[in-house]
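A short worksheet on the structure shown next.
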Amino acid sequence: MKVASSLKTLKSRDKNCRVIRRRGRVYVINKTNPRFKARQG
């Protein structure tokens, strides 16, 4: 899990990346390739 201040570049790393809000935090998750996970802040 990467922690980044901006998720714009991390979102474009893979075509299956989705940006999701959970508990006030913004996450990038990828079901097919879980190594692209990231969290903002």
Residues (in contact with a strand residue (DSSP E or B) (Cβ under 7 Å, 6 or more places away or on another chain) and assigned to a strand (DSSP E or B)) located in the stretch 8-36: Arg18, Val19, Ile20, Arg25, Val26, Tyr27, Val28, Ile29
Looking only at the stretch 1-21, and only at residues there that are over 12 Å from Lys37 (Cα atoms) and touching a residue at least 24 places away in the same chain (Cβ under 8 Å), the one that is surrounded by the most Cβ atoms within 10 Å (Cβ to Cβ): Ser6
Among (1) assigned to a strand (DSSP E or B); (2) in contact (Cβ under 8 Å) with a residue 12 or more places away in the chain; (3) of a type in the set (Lys, Arg); (4) exposed (fewer than 10 other Cβ atoms within 10 Å of the Cβ) - the single one Arg39 does not satisfy: (4)
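None of the figures in this text is laboratory data; all of them are computed from the coordinates on show. Predicted, not measured: the structure shown is a model, and the values here were computed from it. Positions of Cβ are backbone-derived with ideal geometry, glycine not excepted, and every protein chain shown enters the neighbour counts.
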